[in-house]
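Let me begin by presenting the structure, written as structure tokens, before commenting on it.
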Amino acid sequence: MNHSAHTANRRAGWGSLVSGAVLLGLLLSISLAALACSDQEQPLQGVSDQSGMPAEDVVTVSGQARVLVAPDEAVLYVGVETTADDAATAVDQNSQQMQSVLDALREAGIPDENLQASNVTVYPERQPVPLPQQGETQPEPPVTYRASNTVTVVVQDLSKVGDVFAAAVEAGANNVRGPEWRLSENSPAIQEALRQAVAAARNKAETLAEAADVGLGRIVALREESSSTPTAMDFSQERAMAADSVTPPPVRPGDIEVMANVTASYRLEH
């Protein structure tokens, strides 16, 4: 090999080494850049509350409120029960008697939207028979059929509850229960209880923030649950006999307790 060829080979070798070094450096630069981007995009790992904020920046408290308020609705459960030797007759008699009751309720001022059928049944009843004498066979007990129909009646004028009860019994209702006192869906008592519960939660949060020597910021999460508990029924007339005239029973509605519970989270300002 002459000198020129040897020199060319050496230059080619150096060129390959240089190209390899450049390529390796480029790959390392790309890897480091990707790692840096990955570090920047990776979110900080820590404990957060439901609002997505770190738990150390939020205080979560609960608030309760109790409001006593007079009911604005009463519910009566008005039923008719009839018996007959066959199911068809029992149902037919029951339907006619219940129609008379519904007509009387409408005359007492109850609109159709406040009358709702809640239970209609017909079933057989075996009547008891005396025990057979010695040597006699046991006779088949006679079977009668009982039909039952119950209507839920919503009374919005509480001064008429007793009159409605009496009108139903006079018309043929023989299974009446109630009244059950309750609040209508648009009662302002529920909103008032919620306002008081939120105020109680805010007061707790302010006390905790002051004790921790930090400021209390805006609310970041709020969850509520409210319920009302009706009072016990005042009177009932189970399987009463229909009468020409029934004295309206005395009615005195009691207060309803409305409970509201809320859970609130507030930002803490350091």
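The values are calculated or read from the model by the stated rules, or taken from the named source; none is laboratory data. Given the structure is predicted, the values throughout are model-derived calculations rather than measurements. Quick reminder, even Gly has a Cβ in these numbers, built from the backbone with ideal geometry, and neighbours come from all protein chains shown.
Things worth noting here:
- Some residue of the stretch 101-119 being under 13 Å from V164 (Cβ atoms), hydroxyl-bearing (S, T, Y) and not in a loop (DSSP other than H, G, I, E, B): no
- Only one entry of A171, A193 meets the criterion of being out of contact with any Asp or Glu (no Cβ under 9 Å at 6 or more places or on another chain), touching a residue at least 40 places away in the same chain (Cβ under 8 Å) and either among the polar types (S, T, N, Q) or crowded, with 19+ Cβ neighbours inside 10 Å (or both), and that entry is A193.
- Meets criteria (in contact with a strand residue (DSSP E or B) (Cβ under 8 Å, 6 or more places away or on another chain), at pLDDT below 70, closer than 30 Å to S100 by Cα and not in a helix (DSSP H, G or I)) for A240: yes
- Residue in the stretch 120-127 that is of a type outside the set (S, T, N, Q), in a helix (DSSP H, G or I) and either farther than 24 Å from E180 by Cβ or out of contact with any helix residue (DSSP H, G or I) (no Cβ under 7 Å at 6 or more places or on another chain) (or both) present: no
- Within the stretch 188-202, being farther than 12 Å from T60 by Cα and either of a type outside the set (A, V, I, L, M) or in contact with a His (Cβ under 9 Å, 6 or more places away or on another chain) (or both) holds for P188, Q191, E192, R195, Q196.
- The lone exception for R146 - which of (1) in a strand (DSSP E or B); (2) within 28 Å of the chain's Cα centre (by Cα); (3) not aromatic (F, W, Y) it fails: (2)
- Listed conditions (1) farther than 17 Å from V251 by Cβ; (2) at pLDDT below 90 are all met by T121, apart from (2).
- Pair list, Cβ under 7 Å, 6 or more apart: the stretch 259-270 residue within 8 Å of L194 (Cα to Cα) and in contact (Cβ under 8 Å) with a residue 60 or more places away in the chain, other residue of a type in the set (K, R) and surrounded by fewer than 18 Cβ atoms within 10 Å (Cβ to Cβ): V262/R223
- Restricting attention to the stretch 152-166, the residues that are over 21 Å from V120 (Cα atoms) and either in a loop (DSSP other than H, G, I, E, B) or touching a residue at least 40 places away in the same chain (Cβ under 8 Å) (or both) total 10.
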